[in-house]
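Notes follow once the structure below has been shown.
The values are calculated or read from the model by the stated rules, or taken from the named source; none is laboratory data. What you are looking at is a predicted structure, and each value in this text was computed from that prediction instead of being measured. Cβ atoms come from the backbone with ideal geometry, glycine included; neighbour counts cover every protein chain shown. SASA here: full protein model, heavy atoms, side chains in, ligands and nucleic acids out. Shrake-Rupley method; radii C 1.70, N 1.55, O 1.52, S 1.80 Å.
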Amino acid sequence: MKQVWLNGRIVPEEEAKVSLFDHGLLYGDGVFEGIRFYNNKAFQLDAHLERLEQSAKAIGLTIPYSVQAFKTAVDSLIQNYPESQGYLRLVVTRGVGPLGLDPTHCKRANCFILVDQLNMLDKTLRETGVRLAISSVRKIPNECLDARVKSLNYLNLILAKMEANSVGAHEAILLNTSGFVAEGSSENIFIVNNGVLQTPPIQDGALDGITRRLILQLANRNNIAVSERSLTPYDLYNAQECFLCGTGAELIPVATVNGRRVGNSPGDLYKRIEALYQDLIVEQTD
Ligand code: PMP
């Protein structure tokens, strides 16, 4: 029987209930994190809890649990889970309130953590690479909702993903409203050009991804040249390598963008960084 953590208690999934008047459900008013665990240990938990706190702060949402309470909850769920690897989803909603957008009368946030497997991709695609489609759906501009807030509002990303599905692509790439590449529907993007690893700056509308940060750190530590710079579809089409990264996705090589083949997939630099990333996981979850 699956267990979840809900507002301070570990309960069987069937018994975990939240109200239909929760503003997370009614308006997508809330924030969340997706966290992987390996070898019975949450990976990058501090970074995820810090981003959760910052997302909540940015939308004026008070989280009624301490970082330590979340750490204990995460640990109990992992220890009770039958497999040593998996995925956790930590959600904080605005809580129950009267109908209407105003959160003033939502007295207490609802917090829950789910644990499950997340099988994002067929294993062979990690070897051959995925097909990307540049979506007609643009990222919501930072002036409207800062992309650093990992909010429960994923509708534009879902629409982009649906569009990718409809053209037989595995993933969508969203541009910002100025036409610069922002990110995938749930991953950040990197390319390699002239031997330099490049990724769009966060200001271009990407989530400040924890996997992205780790890749930038690994590159710096291993004398791999990196550049955070604005990218256009032209840069993707002309890339020597391209890959996606995220907690759920880990690192995924890209084979084509809008049907155009992108260099070698998987490329040499991808393979090097992927190996460094796997080593880091082992080092931090040993
Ligand atoms: N962008 C979006 C929109 C995402 O949902 C995710 C997954 N959380 C990412 C990027 C990758 O971020 P991270 O490496 O922190 O999982």
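Here are some notes:
- Across the stretch 144-198, the number of residues qualifying as more than 14 Å from the ligand (Cβ to nearest atom) and among the aromatic types (Phe, Trp, Tyr) comes to 1.
- Any hit, the stretch 122-138, residues being within 15 Å of the ligand (Cβ to nearest atom) and either under 14 Å from the mean Cα position of the chain (by Cα) or loosely packed, with under 14 Cβ neighbours inside 10 Å (or both): no
- Residue match in the stretch 44-58 (condition: surrounded by fewer than 18 Cβ atoms within 10 Å (Cβ to Cβ), more than 29 Å from Val282 (Cα to Cα) and not basic (Lys, Arg)): yes
- Within the stretch 47-66, residues that are of a type in the set (Asp, Glu) sit with their Cβ atoms under 8 Å from residues that are loosely packed, with under 15 Cβ neighbours inside 10 Å, at 6+ positions apart or across chains, in these pairs: Glu53/Val67.
- Among helices (runs of 4 or more DSSP H) entirely within the stretch 1-93, having at least 3 residues that are more than 16 Å from the ligand (Cβ to nearest atom) and modelled with pLDDT under 95 singles out no element at all.
- Residues that are surrounded by 23 or more Cβ atoms within 10 Å (Cβ to Cβ) and either without any contact (Cβ under 8 Å) to a residue 24 or more places away in the chain or assigned to a loop (DSSP other than H, G, I, E, B) (or both), drawn from the stretch 175-206: Glu187, Pro200, Gly205, Ala206
Here's the yes/no breakdown for (1) within 20 Å of Asp122 (Cα to Cα); (2) within 15 Å of the ligand (Cβ to nearest atom):
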{"site": "Leu216", "(1), (2)": "no, yes"}
{"site": "Tyr234", "(1), (2)": "no, no"}
{"site": "Ala239", "(1), (2)": "no, no"}
{"site": "Gly248", "(1), (2)": "yes, yes"}
{"site": "Asn264", "(1), (2)": "yes, no"}
{"site": "Gly267", "(1), (2)": "yes, no"}
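- Considered as a group, the residues in the stretch 250-262 that are on the phi > 0 side of the Ramachandran plot and in contact with a Phe, Trp or Tyr (Cβ under 8 Å, 6 or more places away or on another chain) include one that is farthest from the ligand (Cβ to nearest atom), and that residue is Asn258.
- Selection status of Arg94, of a type outside the set (Phe, Trp, Tyr) and out of contact with any strand residue (DSSP E or B) (no Cβ under 7 Å at 6 or more places or on another chain): no
- Residues within the stretch 221-242 that are within 22 Å of the chain's Cα centre (by Cα), within 17 Å of Ile273 (Cα to Cα) and open to solvent by 40 Å² or more (accessible area, probe 1.4 Å), tallied: 2
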